[in-house]
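Have a look at the structure below before the remarks.
The values are calculated or read from the model by the stated rules, or taken from the named source; none is laboratory data. All of these numbers come straight from a predicted model, not from anything done at the bench. Heads up, the Cβs are rebuilt from the backbone with ideal geometry, glycines too, and the neighbour counts pull from every protein chain shown. When the accessible area is computed, the model is the full protein with side chains, heavy atoms only, and any ligands, DNA or RNA have been set aside. Shrake-Rupley method; radii C 1.70, N 1.55, O 1.52, S 1.80 Å.
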Amino acid sequence: MAQQFSLDEVAKHNTPDDLWIVVDGFVYDVSKFKKLHPGGAGVLKEVAGADATQQFFAYHRGDVLKKYSKLLKGTLVGVDAGATSRTSDRALLTQVPYSEASAFLGWHSPYYNETHRAMRVNLRRIVQDSIQPEADESENSGDAPSEEVYKAMGESGLLAARIGKDCMKFLASIPEIQMEKCLGVPVGKFDHFHELIAHEEMGRLGTPSFNDGCGAGFCIGLPPVLHFAPPHIRDKVLPEVLRGEKRICLAISEPSAGSDVAGMLTKAQKSADGKHYIVSGVKKWITNGMNADYFVTAVRTGSEGHSGVSMLFITREMGVETKPIKTAYSSCAGTALVIFDEVKVPVENLMGPGNKGKEGAGFFCVMANFNHERWFIVAQSVSAMRLVLDECFRWANQRKAFGKNLMTQPVIRFKLARMAGALEAVHNMLENVTHQMDVMPYQDQSAKLGGPIALLKFQATRVGTLIADEAAQIFGGRAITRSGMGSKVEGYLRTFKYSSILGGSEEVLADLAIRQQLRSPESVAPKLSNATSEGSKTLSKNLSVGQLSTCADATAADFVTRC
């Protein structure tokens with residue numbers, strides 16, 4: 001049992017050579033540490049022999065104390081040691097208001113069962129133990145996620161979980177992936193809510209650049225391989241990437257064609273013998289491009305417009321060159337300029353619907369990939385917002401201004417209410433869409449969910465702007481400081497706009513959300529109940545939706561591609 005001291009006993013140790021302090025009910029001997037203190041020895045001398053809890057939490061996160069356990073002498077008599085830390089640090093599943101989905105705070109939900117709850121707990125432990133330490137360090141250093149982290153994600157089943165339900169049938173042939181053992185989810189019971197949890201837990205890292213370095217290119221680059229790559233490519237690449245041995249990205253955007261996917265200029269012309277495509281062009285803003293082994297690439301094999309776009313599977317060893325692009329992100333995201341200078345790609349690497357290569361099908365592949373891409377961006381973003389809200393609640397509880405905790409100020413509680421209300425609403429919308437994805441066949445999802453998912457992403461990124469604005473006001477100067485108490489909030493402020501641009505800008509998605517619903521006969525049918533028979537026939541004809549309903553129409557599919 002830890003030794004206990006009274007405050008009077010601690011007060012006797014108040015000299016530079018014999019300096020004790022109390023923090024959160026714990027007694028520390030900092031005599032030898034004072035010269036190493038980042039703020040200088042003077043700061044510690046001012047609180048020598050006294051309770052420094054308030055001063056400590058004004059400058060530090062509670063988890064800092066864990067680094068200095070060797071300095072611990074004991075606890076203070078009659079005090080609940082660690083009480084303040086428990087409100088400033090995250091338990092495995094936090095009890096901070098609105099910082100977890102309600103189903104994991106004791107509420108009933110039709111969407112989740114015990115396998116989801118087990119996965120949340122198991123995965124959070126894996127993320128905290130195996131990923132978080134490197135994430136915190138690399139977010140500042142700019143180092144790419146290590147091979148060890150990738151393989152840990154692979155072996156635990158985290159990588160497979162982020163690709164989702166459709167790849168589960170392949171896990172039987174990849175024995176190295178221990179999903180049930182590590183995550184507590186039998187492969188046969190895996191659904192879209194398990195995948196949602198996987199994205200959410202990564203979003204809680206609070207290191208946006210490292211997070212995207214771990215999964216952005218992977219989450220949008222591997223699904224096309226699953227759905228559109230010929231079997232000889234799919235069956236080789238899926239195991240390599242899911243085990244964490246190889247890395248992949250999606251290469252769509254170009255310097256002159258970000259929003260205008262159909263306007264891309266990268267060309268792929270067949271060689272004289274017809275055995276290869278010769279690819280020449282440049283892709284820009286490709287997340288994970290610097291570290292990718294594989295590039296799922298949209299190219300032009302035909303005439304102008306969407307009908308001339310095809311999709312190729314290209315490997316780095318074929319001669320792909322990459323150069324880093326500096327963005328608001330840390331460089332650990334691996335954002336790259338990808339250069340194809342007459343790269344020879346076998347014609348067998350052509351991709352298409354039904355896992356059969358087909359020229360001119362690239363635009364369809366890109367559009368079909370958008371629903372999952374946007375949904376994944378929302379899942380990860382909403383979780384990052386919950387982390388920021390968590391930080392705000394904790395900070396408001398421990399920060400004192402004018403002699404009172406911030407939480408006692410009505411204006412602070414109003415800000416927290418605005419954030420929580422908007423966040424709960426968008427998360428409920430996310431769960432509804434996730435349920436539709438889980439019960440709808442893939443073809444129905446493509447036809448019916450494009451508009452709702454676009455609306456979901458638009459609303460989520462609008463809420464993200466609100467979260468960023470209010471969090472900045474609550475944290476003040478610390479919100480723009482990369483270290484210390486506001487570091488997580490600062491990282492969010494620096495990068496939250498990525499979600500409102502990547503995968504489709506807010507303006508384009510808002511327009512798509514309404515326009516697609518108006519074009520769908522099922523959506524407008526109730527509104528036409530009072531129309532004349534002739535008028536109904538005319539409207540139904542004009543409002544028919546085509547195969548590419550996820551983009552509403554070919555000429556309007558000018559979306560910013562997340563790549």
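What the table shows:
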quantity: Given (1) at pLDDT 95 or above; (2) within 23 Å of Asp438 (Cα to Cα); (3) surrounded by fewer than 16 Cβ atoms within 10 Å (Cβ to Cβ); (4) not small (Gly, Ala, Ser), index of the condition Glu147 fails; calculated: (2)
quantity: Within segment 154-171, tally of residues that are surrounded by 20 or more Cβ atoms within 10 Å (Cβ to Cβ) and closer than 19 Å to His116 by Cβ; calculated: 12
quantity: Residue list for segment 305-326, filter: open to solvent by 20 Å² or more (accessible area, probe 1.4 Å), in a loop (DSSP other than H, G, I, E, B), touching a residue at least 12 places away in the same chain (Cβ under 8 Å) and at negative phi; calculated: Ile325
quantity: Candidate set from segment 503-516 (those that are over 20 Å from Ser253 (Cβ atoms) and surrounded by 20 or more Cβ atoms within 10 Å (Cβ to Cβ)); member that is modelled with the highest pLDDT; calculated: Ala513
quantity: Residue selected from segment 214-246 under the condition over 10 Å from the mean Cα position of the chain (by Cα) and farther than 25 Å from Leu350 by Cβ, by the criterion surrounded by the most Cβ atoms within 10 Å (Cβ to Cβ); calculated: Gly244
quantity: Residues satisfying the stated conditions in segment 95-108, i.e. exposed (fewer than 14 other Cβ atoms within 10 Å of the Cβ) and free of Cβ contacts under 8 Å to residues at least 24 places away in the same chain; calculated: Gln95, Gly106, Trp107, His108
quantity: Subset of segment 278-292 [buried (at least 24 other Cβ atoms within 10 Å of the Cβ), on the phi < 0 side of the Ramachandran plot and not aliphatic (A, V, I, L, M)]; calculated: Lys283, Thr287, Gly289
quantity: Selection count where residues are modelled with pLDDT under 95 and out of contact with any Asp or Glu (no Cβ under 7 Å at 6 or more places or on another chain), scope segment 153-166; calculated: 1
quantity: Of the criteria (1) assigned to a strand (DSSP E or B); (2) among the hydroxyl-bearing types (Ser, Thr, Tyr); (3) within 30 Å of Ala479 (Cα to Cα), which one Ser381 fails; calculated: (1)
quantity: Extreme residue, nearest to Phe56 (Cα to Cα), among residues of segment 1-30 that are part of a loop (DSSP other than H, G, I, E, B) and under 40 Å from the mean Cα position of the chain (by Cα); calculated: Asp24
quantity: Lys73, sole failed condition from (1) closer than 30 Å to Lys34 by Cβ; (2) open to solvent by less than 60 Å² (accessible area, probe 1.4 Å); calculated: (2)
quantity: Residue check, Gly188 crowded, with 20+ Cβ neighbours inside 10 Å and of a type outside the set (Val, Ile, Thr); calculated: no
quantity: Residue tally, condition small (Gly, Ala, Ser) and either within 19 Å of the chain's Cα centre (by Cα) or open to solvent by 40 Å² or more (accessible area, probe 1.4 Å) (or both), over segment 109-133; calculated: 1
quantity: Yes/no for Leu250 being touching a residue at least 60 places away in the same chain (Cβ under 8 Å), surrounded by fewer than 24 Cβ atoms within 10 Å (Cβ to Cβ) and closer than 26 Å to Phe363 by Cα; calculated: no
quantity: Members of segment 327-350 found to be touching a Ser or Thr at 6+ places or on another chain (Cβ under 8 Å), within 23 Å of Ser280 (Cα to Cα), crowded, with 22+ Cβ neighbours inside 10 Å and among the hydrophobic types (A, V, I, L, M, F, W, C), listed by number; calculated: Ala336, Val338, Phe340, Val343, Leu350
quantity: Those residues of segment 133-171 which are touching a residue at least 60 places away in the same chain (Cβ under 8 Å) and outside any helix (DSSP H, G or I), in sequence order; calculated: Gly142, Asp143, Ala144, Pro145, Gly164
quantity: Qualifying residue in segment 391-402 (condition: aliphatic (A, V, I, L, M), under 25 Å from Thr53 (Cβ atoms), part of a strand (DSSP E or B) and at pLDDT below 95); calculated: yes
quantity: One residue from Leu493, Leu455 being farther than 13 Å from Ala384 by Cα, assigned to a helix (DSSP H, G or I), touching a residue at least 24 places away in the same chain (Cβ under 8 Å) and open to solvent by 20 Å² or more (accessible area, probe 1.4 Å); calculated: Leu455
quantity: Enumeration of residues in segment 43-55 that are open to solvent by 30 Å² or more (accessible area, probe 1.4 Å) and either touching a Cys at 6+ places or on another chain (Cβ under 6 Å) or without any contact (Cβ under 8 Å) to a residue 40 or more places away in the chain (or both); calculated: Val43, Lys45, Glu46, Gln55
quantity: Selected residue (criterion: least open to solvent (accessible area, probe 1.4 Å)) from residues of segment 172-184 that are free of Cβ contacts under 8 Å to residues at least 40 places away in the same chain and assigned to a helix (DSSP H, G or I); calculated: Met179
quantity: Residue check, Val282 outside any loop (DSSP other than H, G, I, E, B), in contact with an Asp or Glu (Cβ under 7 Å, 6 or more places away or on another chain) and β-branched (Val, Ile, Thr); calculated: yes
quantity: Where a residue in segment 63-86 is at pLDDT 80 or above and its partner, wherever it lies, is open to solvent by 80 Å² or more (accessible area, probe 1.4 Å) and in a strand (DSSP E or B), with Cβ under 6 Å and at least six apart; calculated: Gly74/Gln4; Thr75/Gln4; Val77/Gln4
